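Working notes for the structure below.
The values are calculated or read from the model by the stated rules, or taken from the named source; none is laboratory data. No experiment lies behind these values; they were computed from the predicted model shown. Glycine also receives a Cβ, built like all others from the backbone with ideal geometry; neighbour counts cover every protein chain displayed. What goes into the accessible areas is simple: the full protein's heavy atoms, side chains included, and nothing from ligands, DNA or RNA. Shrake-Rupley method; radii C 1.70, N 1.55, O 1.52, S 1.80 Å.
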Amino acid sequence: MIESSDLRMSRIPLSHGAGRIPALGFGTLIPDPAVTITATKDALAAGFRHFDCAERYGNEREVGTALQAGLAAEKIAREEIFVTTKLWNSNHRPERVAPAFQASLDRLALSYLDLYLIHTPFAFQPGDDHDPRDQNGNVIYDRGVTLLDTWKALEALVDHGNCRAIGLSDITLNELQPLYAAARIKPAVVQVESHPYLPETELLDFCKQNGIVLLAFAPLGHGMRPGLLEDPVIASIAARVEKTPAQVLLAWAVQRGTAVLTTPKSATRAKESFDISSLPQYALDEINRIQTRQRLNPVVTTGVPGFIPKAKGAEPGS
Ligand SMILES: NC(=O)c1ccc[n+]([C@@H]2O[C@H](COP(=O)([O-])OP(=O)(O)OC[C@H]3O[C@@H](n4cnc5c(N)ncnc54)[C@H](OP(=O)(O)O)[C@@H]3O)[C@@H](O)[C@H]2O)c1
């Protein structure tokens with residue numbers, strides 16, 4: 001259930017009374033450290049209160065710097081923002097989880113996290129190398145640890161009190177169901193790629209039935225063109241409701257009951273992307289009838305990050 005009729009302010013309650021996640025979130029998958037700082041400050045100033053980070057993005061320190069400065073400048077209390085980060089694949093061994101969590105907290109300069117996610121269900125060879133490969137260039141997976149082993153270590157973080165909620169990312173429904181059944185603390189959030197070309201309807205239904213928030217990434221199709229931002233159905237609705245295609249895509253995501261992550265990199269885009277308002281039912285119906293199906297990021301099948309290269313080339317992380 002979404003709280004607040006103003007889509008920009010909507011927050012979705014998390015299971016176990018772990019607070020409320022702002023539906024509209026800002027993602028920090030930004031390769032450039034300087035842009036990470038300016039974009040994070042701009043997002044906070046535009047109104048974003050939900051920040052999605054990851055150890056793998058290599059910029060938690062810059063996000064922490066920007067949040068400290070931004071909170072002070074905007075006179076916003078830590079409790080008003082919601083911060084997530086993610087455990088990387090090479091830290092799945094249970095004894096590596098608490099140190100990885102603490103290292104993220106230190107880089108972000110925070111005393112607690114609102115949400116900690118297992119970045120992908122794939123365990124890589126444990127160690128400091130984020131991308132362990134054999135001599136043939138193949139990823140070295142770790143067969144000595146299960147997802148449930150790692151999950152139990154995340155449950156212990158919640159028990160210890162400086163992690164309010166835990167969840168999973170880049171997971172399929174088939175992998176989620178047994179983990180959900182076995183978990184002592186049920187996942188509060190599942191973060192996956194989702195947009196009108198990849199609605200993940202079955203997963204969303206399961207999440208809604210079980211009190212899990214589906215957190216959609218790449219809602220604008222990662223900004224790829226041609227792509228969702230130029231889809232004729234989206235463009236036509238945007239013209240009729242006098243909003244931009246990005247605003248239409250973000251409103252659709254929130255109105256269907258998901259939380260959503262987008263990555264505006266300038267102040268103008270941050271203001272635009274935050275300024276969403278409810279779409280009429282006919283618009284939601286038209287978007288739901290779009291037949292194009294496309295996954296942009298294969299991380300869910302391999303644990304290896306990165307969007308599928310288009311004309312301009314891919315980015316290094318996911
Ligand atoms: N769990 C995972 O494996 C995973 C994977 C991917 C992403 N994520 C998370 O999800 C976040 C969002 O993913 P995403 O970056 O793919 O989201 P997205 O919002 O679909 O795509 C972002 C791109 O869209 C463009 N854009 C942003 N605002 C716009 C606007 N108002 N109008 C037109 N274009 C706009 C920007 O392109 P320009 O660069 O041209 O400005 C931006 O780089 C990431 O930052 C990360 O936190 C998680």
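Tabulated data for the structure shown
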| item | result |
| --- | --- |
| Residues of the range 62-93 classified as open to solvent by less than 10 Å² (accessible area, probe 1.4 Å) and outside any helix (DSSP H, G or I), total | 9 |
| Any hit, the range 17-38, residues being farther than 18 Å from residue 264 by Cβ, open to solvent by 50 Å² or more (accessible area, probe 1.4 Å) and within 15 Å of the ligand (Cβ to nearest atom) | no |
| Filtered residues of the range 158-178 (kept if farther than 18 Å from residue 302 by Cβ and either open to solvent by 10 Å² or more (accessible area, probe 1.4 Å) or among the β-branched types (Val, Ile, Thr) (or both)) | 158, 159, 160, 161, 162, 164, 166, 177, 178 |
| Selection from the range 58-117 of residues that are more than 24 Å from residue 148 (Cβ to Cβ) and charged (D, E, K, R) | 60, 61, 62, 74, 75, 78, 79, 80, 106, 107 |
| Candidate set from the range 98-122 (those that are within 14 Å of the ligand (Cβ to nearest atom) and assigned to a loop (DSSP other than H, G, I, E, B)); member that is farthest from the chain's Cα centre (by Cα) | 122 |
| Test: residue in the range 97-105 that is of a type outside the set (A, V, I, L, M), under 20 Å from residue 304 (Cβ atoms) and loosely packed, with under 15 Cβ neighbours inside 10 Å | no |
| Flag for residue 139 being open to solvent by less than 60 Å² (accessible area, probe 1.4 Å), free of Cβ contacts under 8 Å to residues at least 40 places away in the same chain, farther than 18 Å from residue 60 by Cβ and within 16 Å of the ligand (Cβ to nearest atom) | no |
| Residue ranges of helices (runs of 4 or more DSSP H) in the range 223-318 with at least 3 members open to solvent by less than 60 Å² (accessible area, probe 1.4 Å) and in contact (Cβ under 8 Å) with a residue 60 or more places away in the chain | 245-255, 267-274, 299-302 |
| Matching entry among 95, 55, 74 (being closer than 22 Å to residue 120 by Cα, more than 20 Å from the chain's Cα centre (by Cα) and among the acidic types (Asp, Glu)) | 95 |
| Options 202, 193; residue that is touching a strand residue (DSSP E or B) at 6+ places or on another chain (Cβ under 6 Å) and among the acidic types (Asp, Glu) | 193 |
| Qualifying position, being more than 10 Å from the ligand (Cβ to nearest atom), at pLDDT 95 or above and of a type in the set (D, E, K, R), among 243, 265 | 243 |
| Set 183, 156, 216: member being modelled with pLDDT of 95 or more and within 24 Å of residue 305 (Cβ to Cβ) | 216 |
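A quick yes/no check of all residues on (1) at negative phi; (2) within 15 Å of the ligand (Cβ to nearest atom):
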{"site": "160", "(1), (2)": "yes, no"}
{"site": "186", "(1), (2)": "yes, no"}
{"site": "194", "(1), (2)": "yes, yes"}
{"site": "200", "(1), (2)": "no, yes"}
{"site": "204", "(1), (2)": "yes, no"}
{"site": "214", "(1), (2)": "yes, yes"}
{"site": "222", "(1), (2)": "no, yes"}
{"site": "228", "(1), (2)": "yes, yes"}
